[in-house]
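Report on one structure; see the data block that follows.
The values are calculated or read from the model by the stated rules, or taken from the named source; none is laboratory data. This structure is a prediction, so every number in the text was calculated from the model and none was measured. Here Cβ is always computed from backbone atoms with ideal geometry, including for glycine, and neighbour counts include all displayed protein chains. The accessibility values were calculated without ligands, DNA or RNA, using every heavy atom of the protein model including side chains. Shrake-Rupley method; radii C 1.70, N 1.55, O 1.52, S 1.80 Å.
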Amino acid sequence: MDMYANNTVAGKIGERAMAEKSNAVKMRGENVNVFYGEKQALFDVNLDILENQVTAMIGPSGCGKSTFLRCLNRMNDTIDVCRVTGKITLDDENIYDPGVDVVELRARVGMVFQKPNPFPKSIRENIAYGPRIHGLTRSKTDLEEIVVTSLQKAGLFEEVKDRLDAPGTGLSGGQQQRLCIARAIAVQPSVILMDEPCSALDPIATAKVEELIDELRENYTIAIVTHSMQQAARVSQRTAMFHLGNLVEIDQTDKIFTNPEDKRTQDYITGRYG
Amino acid sequence: MTPSILALIVLALMVVGYILGRQRALSLAKRDGVRLHSLPGYYGQSVALFTAVPAFVLLGVWLFLQPVLIENQISATIPDSAIPEGGARSLVMADVRRIADGLDLVVEQGNISEDDLAVMRADISNVRSRLAEVGVALGSNVQPAVFEAAKSYRSIGKTASFWRNIAVLAAALGSGFLAWSRVRPAMRARNVSETFIRALLMASSFIAILTTFGIVASLLFETIHFFRIYPAKDFFFSTIWNPQFRGGSDLGILPLLWGTFYVSLVALLLAVPVGLMIAIYLAEYAGKSLRSFAKPAIEILAGIPTIVYGLFALITVGPFLRDWIAQPLGLGDSSSSVMTAGLVMGIMLIPFVSSLSDDIINAVPQSMRDGSYGLGATQSETIKKVIMPAALPGIVGAILLAASRAIGETMIVVMGAGAAARLDVNPFEAMTTVTVKIVSQLTGDTEFASPETLVAFALGLTLFVFTLGLNVLALYIVRKYREQYE
Amino acid sequence: MTDMTTASPAAVARNAGSLLEHGDRTRNRHASERRFRILGLIAVGFGILALVGLLTSILVNGVSSFRQTYVTLDVQLDEAKLDKTGNRNTEELRKVTTFVYAPLIEKALAQFIEERGIAVEGLTKKDVSGIISKEAPASLRSVVLADPSKIGGTVSFDVLTDGRIDGYYKGRVTMASAELDRNVSPAQLKLADALKDAGALNTRFNWDFLTAPDASDTRPEAAGLGVAILGSAYMMLIVLALSLPIGVAASIYLEEFAPSNRITDTIEVNIANLAAVPSIVFGILGLAVFINYAGLPQSAPVVGGLVLMLMTLPTIIIATRAALKAVPPSIREAALGIGASKMQTIFHHVLPLAAPGILTGTIIGLAQALGETAPLLLIGMVAFVREYPSAPPEGFFDPASALPVQVYNWTQRGDPAFVERASGAIIVLLIFLVIMNGLAILLRRRFERRW
């Protein structure tokens, strides 16, 4: 893991740019419009999320970035008044097709939320919950293996291996968030959505989670909504800028941060508004 | 002069005090050409408060103490010889009070003058028939000593009431006058009356403590009486409940506790799953239109008095269960049964369980649901595996509260469960509960000081202890649960 | 870094497939979701069904009590029998018992039957008089006592029929059941039908049910709710007059003044527990303290009112405190800021703003108290009371009944006609409750403020 030793933004951007071209489109939004009742929250968004990359979505509050993220695994279905038009595909299949089962969709497109939300159960039960409901394991040992590997992948195992039966709510904020990531991994999704996963964490915990996100990129496709432009720059390969429900532009992260095409992006990243 | 008329007089004096106090403040200020410290009304208010409150406090204390003091005095005058073999002094005192009340009626109806009464003697004139004329029936002829005691009970009571009236009026006038004479423009009338009012507010809040004290005292006092004449061991451990009119009763609480427990169990077995599912469905699934219709409908069930449920058990559910289930299956032919009372009580408890659970389910944060849905759980999986475990302590609390309701419920079991004390497992058999027996023992015709009546207080105390324990436990659990999500 | 190869084969297979194809497991999960949902719907349905069943059962049984069957007869008030001295002295008229009036009605009925030539097979003379309620002579007597000048003349008088005849027109009694009933014979029912054909017998709205006092076991047709409604009204007056000021005072103290110390905690715990004490325990308290100790009369509204007041107090205190809490601190600060004292702030600003909430809570507390039965049984309100209590305040000390207790009382009687009466009384009780709760909802809708 030496390559993370010189963890500078510039160094990493260059490194990523080389791997860029080969990535396939994992999810794609075409003309996505979202309405909350009468109010339209997203206007004709067209956006690709590439495989094994981190796509960051930035923009001022209320710009629709979280709304778009929640469309990607249909979490908006839980809101009665929310209506989505257009097309979002996962591996070229429209996830809003009436034949699609949200339950299966969400198993493939996992989600990590803004505030760590471990269930009021033991650490083990928190992880085991997903595999259990999806029937991923046949035996107890299988399940235990998933628990351990998920925690390992989330970099939490060493910290909690002695107290897997302690309540998940007893962990620190950063540990809780990594537990939630481990919980999402345990279902073996192909895409993980993260909705401002570090906004409730202190800087040290944030650094750990960011490190984790970068590691996860190898096996998963990640979309992350963030308020922090530094974070977008640190962890993502591509960045999408949203403003007032419109996708302003999407491009390589280094391009967005060094040479944006749109003035609104420029203003936002230079701190004129936000 | 009855206490209520006395109270009205004091109220009138209070109004007078207000007017006089206000006037005095105004005229003094005018005479001396100074400004009043407070608004004129406050001067009136302070005089009015000083007039009424001490008088009412005195009246209250007097009304509270008079019966005890007189009882003790009279009771001491009754010689031991007047107390029948094996009887209690309190029994004789009960007679004394009834005779005294009867004599009041006799005099009131003009059958005899006070003077004649003073020389009337129990061994010569027929007191018993005299009293029977006015509707006071006595079990036996009146003993001279008892009759004399009754007469002095009356006269002491009369004198005491007279002095009470004097004392209360004197308190009102005296303290009112004092307050009036202290009225000066410089007096901080507002502060005085506000301090006074604040004390009154505080006193009002003490009514709650007083009520609890009254409940505990009245239950405990008579229960101790009961255990003096009936062994506690038999009460708590005997399996036979068989009260007799003429003593020698078996008063074992076990069959009653069994009936109470059995009926409550049936009720909870119906109410908890149904109430919980209603809460879940309305909170998690139901659309706006169903919720806006079903929620108030279920709440109406909670507002219906228990007597209505009792009648429902008596005329509808009882006969239905008997004709369609119990008789065809050969399980019994009584329309009042554990099942009847239990089912109807279950219906009564449904809204109770559902509204408590609704609060508790809504207290589970939305982020829990999101976390579960985000993993691809279905709604029912989320409810069963995330929300319910998270809400469990709260729901246990709700169930305990419902159980406390169930064991304290009276009318449904009086009208639906039956009166036969029985230890049986057949739910279609009539059984009886603690509350049913409290009602029947206290509304019967037995002598108050007999064990058959006093047992009701011991039953009441048992019931109170049980429900209090459940409530305290439930409130504790629910409070802990709420703190978890605050 | 662990690789995806550690994933179990099942998971890999699943993630590889199309989103549009569902496995068995997913189907099963959705089936269980549907089952759960249906279970919930069944529970809701059961709740609503129970409500409907409860109300229907009461309505079906009770609605008929608002109608009553009468025979209209011209009764001759024979002077020779009613007023032998002929001087219409009320004192003397009072001494004439109902036994003298009964034959007058019987005679009138017999006459009517003869005039119309009504003939029913197997009808004895006793049968004929049996269709008249035993209460009818007493009603006739009170008509005469109210206006002695009618003596000597003929009055058209609506005679109450016996409960069984009344039941015949309400479907409770049939020819078949009359065969088995020794209180009524089919011949009597035929006679009633004949009277109906002749226009003398009719069933109409029964005001007496609401105004008349209770009647004895054998006269269900005459039993009314007058005393019970009056008794309940008296008790509600007492409850309102005591629990509202005490409850509001206690709430103000606890919410605005009470320091947070052990005493305040004790009071709060007490109030919470009193709200959950079984009602029958309050009855025991009433019996022990108000009747046995303080010597207040049994069956009196004053005792019932006091007991119900203590029961209502926690409800009112809880509602009032919530209403006071809902008034935002900014209002208090504004008043304090212009130099009002704390007491003035509360009484001039906070209390008026909290008033709708307090009133709503009070009405709901009163509605609960109105339906409360168990404690009233213990303080002797089950007694059979036929005299109306006098006007307050003395009336508070007169024996009276109460609506819910009257219901219980009637269910304990043998004649099945009392089931109809009891259900009818419940309807009256429920109407009162609907009005009170409606008022509370109206108040809340109208005045509720969101800060």
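Any residue at all in region B:401-420 that is surrounded by fewer than 20 Cβ atoms within 10 Å (Cβ to Cβ), away from every other protein chain (no Cβ under 11 Å) and in a loop (DSSP other than H, G, I, E, B)? There is at least one residue in region B:401-420 that is surrounded by fewer than 20 Cβ atoms within 10 Å (Cβ to Cβ), away from every other protein chain (no Cβ under 11 Å) and in a loop (DSSP other than H, G, I, E, B). For A:D202, the criteria (1) more than 14 Å from every other protein chain (Cβ to nearest Cβ); (2) within 28 Å of A:G135 (Cα to Cα); (3) acidic (D, E) hold in every case but one, which is (2). Against the conditions (1) surrounded by fewer than 20 Cβ atoms within 10 Å (Cβ to Cβ); (2) more than 14 Å from chain C (Cβ to nearest Cβ); (3) charged (D, E, K, R), B:R22 satisfies every one except (1). Of all residues in region C:197-211, those satisfying the criterion of being open to solvent by less than 20 Å² (accessible area, probe 1.4 Å) and under 21 Å from C:W410 (Cβ atoms) are C:N206, C:F209.
When B:A208, B:A203, B:A199 are checked against the criterion of being more than 9 Å from chain C (Cβ to nearest Cβ) and closer than 21 Å to C:V248 by Cα, B:A199 stands alone in meeting it. Just one residue in the set C:I252, C:I284 is over 22 Å from B:L65 (Cα atoms), buried (at least 24 other Cβ atoms within 10 Å of the Cβ) and modelled with pLDDT of 90 or more; that residue is C:I252. Each residue in region C:353-378 was checked for being closer than 16 Å to C:P245 by Cβ and either open to solvent by 50 Å² or more (accessible area, probe 1.4 Å) or outside the structural domain of C:L439 (by TED's automatic domain parsing) (or both), and 1 of them qualify.
Condition check for A:V102 on (1) open to solvent by less than 20 Å² (accessible area, probe 1.4 Å); (2) aliphatic (A, V, I, L, M); (3) within 14 Å of chain B (Cβ to nearest Cβ): one failure, at (1). Being part of a helix (DSSP H, G or I), over 18 Å from the mean Cα position of the chain (by Cα) and more than 10 Å from every other protein chain (Cβ to nearest Cβ) is a property that holds for B:A398.
For B:A294, the conditions (1) closer than 20 Å to C:E33 by Cβ; (2) surrounded by fewer than 24 Cβ atoms within 10 Å (Cβ to Cβ) all hold with the exception of (1). Scanning region C:404-422 for residues that are farther than 24 Å from C:P301 by Cβ, within 11 Å of chain B (Cβ to nearest Cβ) and touching a Ser or Thr at 6+ places or on another chain (Cβ under 8 Å) yields a total of 2. Cβ separations smaller than 8 Å between residues 6+ apart or across chains give the following pairs from region A:132-149 residues that are more than 10 Å from chain C (Cβ to nearest Cβ) and in contact (Cβ under 8 Å) with a residue 12 or more places away in the chain to residues that are in a helix (DSSP H, G or I) and open to solvent by less than 50 Å² (accessible area, probe 1.4 Å): A:V147/A:I127; A:V147/A:A128; A:V147/A:A186. Within region B:161-196, the only residue that satisfies the criterion of being at the interface with chain C (Cβ under 9 Å from one of its Cβ atoms) and among the small types (G, A, S) is B:S193.
Going through (1) in contact (Cβ under 8 Å) with a residue 40 or more places away in the chain; (2) under 27 Å from B:P67 (Cβ atoms) one by one, C:N292 falls short only on (1).
None of B:G371, B:G346, B:G418 is of a type outside the set (K, R) and within 16 Å of B:L269 (Cβ to Cβ) except B:G346.
Here's the yes/no breakdown for (1) aliphatic (A, V, I, L, M); (2) in a helix (DSSP H, G or I); (3) open to solvent by less than 60 Å² (accessible area, probe 1.4 Å); (4) under 30 Å from B:S38 (Cβ atoms):
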{"residue": "B:L173", "(1), (2), (3), (4)": "yes, yes, no, yes"}
{"residue": "B:G176", "(1), (2), (3), (4)": "no, yes, yes, yes"}
{"residue": "B:F206", "(1), (2), (3), (4)": "no, yes, no, yes"}
{"residue": "B:Q244", "(1), (2), (3), (4)": "no, no, no, no"}
{"residue": "B:W258", "(1), (2), (3), (4)": "no, yes, no, no"}
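Residues that are more than 7 Å from chain A (Cβ to nearest Cβ) and among the charged types (D, E, K, R) within region B:366-383 comprise just one, B:R369.
Pairing each residue of region C:129-148 that is in the same structural domain as C:L201 (by TED's automatic domain parsing) and under 9 Å from C:L160 (Cβ atoms) with any residue that is part of a helix (DSSP H, G or I) and of a type in the set (G, A, S), provided the two are 6+ apart or on different chains, yields C-beta distances under 7 Å for C:S133/C:A222; C:E135/C:A222.
Quick check: is even one residue across region B:89-103 among the basic types (K, R), modelled with pLDDT of 75 or more and either in contact with a Leu (Cβ under 9 Å, 6 or more places away or on another chain) or within 30 Å of B:Q23 (Cβ to Cβ) (or both)?
Going residue by residue through region B:89-103, those that are among the basic types (K, R) are B:89, B:97-98.
Next cut, modelled with pLDDT of 75 or more only: B:97-98.
Then keep just the ones that are either in contact with a Leu (Cβ under 9 Å, 6 or more places away or on another chain) or within 30 Å of B:Q23 (Cβ to Cβ) (or both); that gives B:98.
Yes, because at least one residue in region B:89-103 is among the basic types (K, R), modelled with pLDDT of 75 or more and either in contact with a Leu (Cβ under 9 Å, 6 or more places away or on another chain) or within 30 Å of B:Q23 (Cβ to Cβ) (or both).
Screening B:V425 with (1) under 19 Å from B:L343 (Cα atoms); (2) surrounded by 18 or more Cβ atoms within 10 Å (Cβ to Cβ); (3) out of contact with any helix residue (DSSP H, G or I) (no Cβ under 6 Å at 6 or more places or on another chain); (4) of a type in the set (V, I, T) gives one miss only, at (2).
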